[in-house]
Amino acid sequence: TGGKLELNRRVLGEAVQAQGLELEAQRLRISTDVRAQFFQALAAQRRIELIHEFQSVADKGFELAELRRQALEGSKIDVLQAKVQKNEIDLAYQQAQIAFSTAWKSLTALAGTTSMPPVRLDGELPESDETLDWNFVGATIVSASPELQAAQTRVRQARAYLERQGVQAIPNLTMQMAAGVDNGTNSGLINLQVGAPIPVFNQNQGNIAAARADYCRAVMEVQRIENSIAARLANVSQDYQSSLVAVAKYSQEILPNAAESMSLAELAYKSGETNFIQVLVARRTYFESKLQYIAAQSQLAQA
């Protein structure tokens, strides 16, 4: 009585649906983590390629400084400075290889393929992207979030459980019927019993109060998740917008200017119009700008 069995089915049905949504949320978390880690590993791979390309520039600069010293047009200081820069580039190359190895291990661990040996990643870092309407993005995420839907389902489960505890005090009816034969009189017997406990003192108040508290907690959990989504989206939108601006600035202005500056400095040094320090500064500026550009591309891709 009181529809207890139906309420039990409602409680468990909502629990199953919530668990399915939580499973979908976890699947999306793993998928997102794998994709983000892929771009991080791809950026590490791109840094290795960039440093390897710049190694030839540093080697040629060292050779040029040595030739000018032998021709008495340069000094040993120029040679030593060029060698220092070459050694720094070689060190950066070794560190980039270590960073890629670490990123690869993290990627394969997230993907569940830890035994997979390192291979060349096939992909491109974004060179540009569109500006997003974050209000629309936020509304879309909230409406489609399995994490939030699971919390809302937990509210329905808590409400059903509260209703279930509300009818717990309604007694169950127990019916028993027995038939037999009295051997003494050789007459038949039929016995029918109907029983029900009378809840005089126990109205299930404690379980009802606990179920009501669980319901309130479930309602507040929905609000907490909504606020959490908004906070996470705010951080991601900041990363996205700042990296988008950085990628555009580096690709359109900083890198072209740094490349031209390095080219002009090397031409001027070959013709004896400037000192070697200017060449080193121009090279380092171009090299560091390229690394910062890759970092901005990686951040944009992950955001």
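When Val245 is tested against the conditions (1) β-branched (Val, Ile, Thr); (2) closer than 19 Å to Ser298 by Cα; (3) touching a residue at least 24 places away in the same chain (Cβ under 8 Å), the lone failure is (3). Entry remark, region 25-58: residues being farther than 30 Å from Gln152 by Cα and either touching a Gly at 6+ places or on another chain (Cβ under 6 Å) or free of Cβ contacts under 8 Å to residues at least 12 places away in the same chain (or both) number 4 in total. Of everything in region 116-164 that's part of a helix (DSSP H, G or I) and of a type in the set (D, E, K, R), which residue is nearest to Met220 (Cα to Cα)? Looking at the filtered set, the residue picked out is Arg154.
Do we have any residue at all in region 274-294 that's hydrophobic (A, V, I, L, M, F, W, C), within 20 Å of the chain's Cα centre (by Cα) and closer than 22 Å to His52 by Cα?
Let us first name the residues in region 274-294 that are hydrophobic (A, V, I, L, M, F, W, C), namely 276-277, 279-282, 287, 291, 294.
If we keep only those that are within 20 Å of the chain's Cα centre (by Cα) as well, we get 294.
If we keep only those that are closer than 22 Å to His52 by Cα as well, we get 294.
Within region 274-294, one or more residues are hydrophobic (A, V, I, L, M, F, W, C), within 20 Å of the chain's Cα centre (by Cα) and closer than 22 Å to His52 by Cα.
Can Glu260 be described as within 30 Å of Ala144 (Cβ to Cβ) and part of a helix (DSSP H, G or I)? So Glu260 fails the test.
Please determine, by comparing only the residues of region 62-98 that are small (Gly, Ala, Ser), crowded, with 17+ Cβ neighbours inside 10 Å and in contact with a Lys or Arg (Cβ under 7 Å, 6 or more places away or on another chain), which one is modelled with the highest pLDDT. Of everything passing the filter in region 62-98, Ala96 is modelled with the highest pLDDT.
Quick one: would you say Ala103 is touching a Gly at 6+ places or on another chain (Cβ under 7 Å) and surrounded by 16 or more Cβ atoms within 10 Å (Cβ to Cβ)? Taking the combined requirement at face value, the residue does not satisfy it.
Taking the conditions exactly as written (out of contact with any His (no Cβ under 9 Å at 6 or more places or on another chain), within 30 Å of Arg29 (Cβ to Cβ), open to solvent by 60 Å² or more (accessible area, probe 1.4 Å) and among the hydrophobic types (A, V, I, L, M, F, W, C)), does Met175 satisfy them or not? Walk me through how you get there before you give the answer.
Numbers: out of contact with any His (no Cβ under 9 Å at 6 or more places or on another chain): yes; within 30 Å of Arg29 (Cβ to Cβ): no; open to solvent by 60 Å² or more (accessible area, probe 1.4 Å): yes; among the hydrophobic types (A, V, I, L, M, F, W, C): yes.
Answer is no for this residue.
Answer yes if at least one residue in region 135-153 is farther than 30 Å from Ala15 by Cβ and surrounded by 10 or more Cβ atoms within 10 Å (Cβ to Cβ), and no otherwise. Don't jump to the end; show me each part of the working.
Restricting attention to region 135-153, the residues satisfying the condition of being farther than 30 Å from Ala15 by Cβ are 135-137.
Restricting the remaining residues to those that are surrounded by 10 or more Cβ atoms within 10 Å (Cβ to Cβ) gives 137.
The answer is yes, given that some residue of region 135-153 is farther than 30 Å from Ala15 by Cβ and surrounded by 10 or more Cβ atoms within 10 Å (Cβ to Cβ).
Looking across region 181-229, not a single residue is modelled with pLDDT under 90, surrounded by 12 or more Cβ atoms within 10 Å (Cβ to Cβ) and farther than 20 Å from Asn8 by Cβ.
The values are calculated or read from the model by the stated rules, or taken from the named source; none is laboratory data. These figures come from a predicted structure and were not determined experimentally. Virtual Cβ from ideal backbone geometry, glycine too; neighbours counted across all protein chains shown. These area figures cover heavy atoms from the full protein model, side chains too; ligands, DNA and RNA do not enter into them. Shrake-Rupley method; radii C 1.70, N 1.55, O 1.52, S 1.80 Å.
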